[in-house]
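These notes are about the structure you will find just below.
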Amino acid sequence: MSSPPTIRPAGNHSVLIELEGNDAVQRLAAGLEARRGSELEEIVPGHETLLLVWREGAPPIGAIEQLISGAELTAEASAQPAAIELRVRYDGPDLAAVAESCGFSPEELATRHLACRYRVGFIGFSPGFAYLLGGDPALQPPRLAEPRTRVPAGALAIAGPYSAVYPRSSPGGWNLIGSCDEPTFDPAQNPPALLTAGMAVRLVAK
Amino acid sequence: MSVTIEVIKPGALTTVQDLGRPGFAHLGIPRSGAADRASLKLANRLVGNAEGAAALECTLIGPSLRFHNDALIAITGAEVSARLDGEEVALNCAVTIPAGGLLELATTSTGLRSYIAVRGGIEAEPMIGSRSSDLLSGLGPAPLKAGQTIATEEPLGEVPAIGVAPVAPPVDVPLLQVVAGPRADWFADDALALLAASSWEVSSDSNRSGVRLIGPELPRLRHDQLHSEGMAHGAIQVPASGQPIILLADHPTTGGYPVIAVVASADLDAAGQLRPGQKLRFALS
């Protein structure tokens with residue numbers, strides 16, 4: 001392993017572990033998953049961090065270091081993440097503008113966007129909203145200057161290094177380049193979210 | 001026996017809350033649940049419910065409720081005038097309501113959120129393991145509306161023989177203990193001292209996701225973009241404006257603004273009682 005992770009206090013019931021890159025986040029999250037339970041309540045991946053939330057009281061720092069080194073030993077086993085395909089159309093209202101700002105035609109943008117191998121870096125913003133990493137470095141438009149008050153469910157969007165499918169209708173500031181009919185969040189399902197951190201995602205043209 | 005309750009007036013915002021849905025933050029699902037968990041648990045204990053049973057969380061202006069059956073209730077949380085058929089009833093104790101009784105809660109005088117537990121617990125379809133209304137994510141039952149009826153589950157267990165529960169009265173200017181970090185190093189050297197030395201005012205733009213504060217700008221050292229990271233309940237997030245936000249029960253599970261400090265777990269319930277216009281202070285622990 002590389003340099004030891006930085007452990008930052010996040011109140012007296014949680015810590016934020018800073019890691020080198022999202023791959024390291026996925027490895028540690030996978031290694032800790034078996035420890036999630038009544039004491040360790042939440043394991044929340046971020047882009048380069050993992051937040052651990054305990055039920056109550058101060059988690060002793062020594063125990064956290066033990067927890068991490070124990071997790072590193074078991075992480076080897078968590079090799080292949082699950083893979084999933086999402087069928088998408090490039091028909092979003094921002095497609096033409098994003099393509100132009102990146103110097104491509106809409107067709108070239110779609111081809112480039114489809115060619116990437118994505119992985120879920122983390123979930124956040126709203127239930128089931130998966131931040132997909134692994135996008136084309138030539139396709140990194142900034143967020144919209146003025147967020148939309150309503151983005152439809154299933155909108156395929158990009159902002160900076162991330163791509164995402166909006167699980168449900170919500171406000172949003174990302175560039176809408178397409179759409180996906182696949183439901184990605186359903187509270188009646190178990191688990192309610194289709195995508196989880198670490199999962200490999202392929203986009204295929206519908 | 002199940003109790004039917006008719007909502008005559010819903011109040012400013014009355015929702016169904018239990019202890020929330022922990023364990024799903026990695027799927028972007030906030031814990032949600034009562035903003036003042038101790039008050040919810042107390043209300044439930046007073047009427048013999050499991051402490052995590054679903055109850056009503058009333059915000060600032062309380063509801064008017066017509067009980068169609070005999071019921072046993074308890075009101076906890078904020079200081080508020082509560083009347084049963086016009087007669088004042090005590091807080092923090094079990095109150096018997098006769099069939100046809102009208103319960104009216106006024107505007108809270110100290111604190112923001114009152115809890116009304118009804119023996120049996122409020123009936124609602126659990127969603128992802130909880131009956132809580134998560135207003136950020138739109139999960140759980142919708143806020144109460146006039147004309148609607150709600151019901152309780154069948155009661156289980158005994159009614160405890162408790163008189164009035166001893167509860168510390170809410171204070172005018174609460175002092176919340178905070179722990180520095182995780183991103184205190186993104187701020188200027190004096191920012192933590194400024195956080196602790198200043199008097200903060202609660203903005204009217206506050207809700208179950210967060211309490212927005214008005215006060216001096218907390219100066220940033222680093223102005224680059226923070227990658228999104230997991231947020232703890234009670235995190236004091238500082239957006240570009242420099243005006244902090246304390247994250248409450250319905251907070252987004254991840255965020256991209258640096259967190260200068262986090263409210264200690266013992267004071268999270270007090271944070272859930274902060275009302276617009278109120279002053280508060282922080283102490284670094």
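The values are calculated or read from the model by the stated rules, or taken from the named source; none is laboratory data. Quantities reported herein were computed from a predicted structural model and do not represent experimental measurements. Don't worry about glycine lacking a Cβ; one is built from the backbone with ideal geometry, like all the others, and counts go over all protein chains shown. Just so you know, the surface numbers come from the protein's heavy atoms only, side chains and all, with ligands and any DNA or RNA stripped out. Shrake-Rupley method; radii C 1.70, N 1.55, O 1.52, S 1.80 Å.
What to note about this one:
- Efficiency of FRET between A:R148 and B:E87 - r from beta-carbon atoms, R0 56 angstrom, step 0.05: 0.65
- Lysines with Cα under 26 Å of B:K145, excluding same-chain neighbours fewer than 8 positions away: B:K9, B:K41
- Inter-label distance, A:E18 to B:E6: 6.0 nm, where each label sits 7 Å from its Cα along the C-beta direction.
- Relative compactness, chain B, computed as alpha-carbon Rg over 2.2 N^0.38 Å: 1.03
- R0 of 35 Å, Cβ-Cβ distance B:E201-A:S38: FRET efficiency to nearest 0.05: 0.35
- A probe of 1.4 angstrom, applied to the heavy atoms of all protein chains, finds B:D18 with accessible area near 10 square angstrom.
- Within the range B:1-26: backbone nitrogen closer than 11 Å to the B:H68 label point (7 Å, Cα to C-beta): B:3-7
- The range B:217-285 and the range B:91-122: distance between their alpha carbon centers, rounded to Å: 31 Å
- The mean sequence separation of alpha-carbon pairs under 8 Å and at least six residues apart, normalised by the residue count of chain B, gives a relative contact order of 22 percent.
- Accessible carbon and sulfur surface of the protein assembly as shown relative to its total accessible area, %, 1.4 Å: 54 percent
- C-alpha center-to-center spacing [the range A:148-206, the range B:145-172] in angstrom: 40 Å
- Hull shadow area, averaged, the range A:83-205 [alpha-carbon convex hull, nm²]: 6.6 nm²
- Accessible area per residue for the protein assembly as shown, computed on protein heavy atoms with a 1.4 Å probe, is 42 Å².
- With DNA, RNA and ligands ignored, accessible area of A:L195 (1.4 Å probe; Å², nearest 10): 10 Å²
- Near A:C116, once Lys and Arg are set to +1 and Asp and Glu to -1 for all other residues with Cβ below 13 Å from its Cβ, the sum equals +3.
- MRE, 222 nm, helices only [DSSP H, n ≥ 4, -39500 (n - 2.57), over the protein assembly as shown, to nearest 500]: -4000 deg cm²/dmol
- Ligands, DNA and RNA aside, B:L213 has an accessible area near 10 Å² when probed at 1.4 Å.
- Compactness of the range B:75-231, taken as the C-alpha radius of gyration over 2.2 N^0.38 Å, stands at 1.41.
- Percent RCO, i.e. relative contact order, over the range B:58-107, from Cα pairs under 8 Å lying at least 6 residues apart: 53 percent
- Average beta carbon contacts from partner chains per residue of B:129-138, 10 Å cutoff: 2
- With N counted as the residues of chain A, its alpha-carbon radius of gyration over 2.2 N^0.38 Å works out to 1.10.
- Excluding ligands, DNA and RNA and using a 1.4 Å probe, chains B and A jointly bury around 2700 Å² of accessible surface, summed across both partners.
- For the range A:8-31 versus the range B:55-90, the gap between their alpha-carbon centres in whole angstrom: 44 Å
- In terms of its Cα atoms, the protein assembly as shown spans 72, 50, 43 Å along the principal axes, sorted from long to short.
- Across the range B:186-242, Cα-Cα pairs more than 17 Å apart make up 45 percent of the total.
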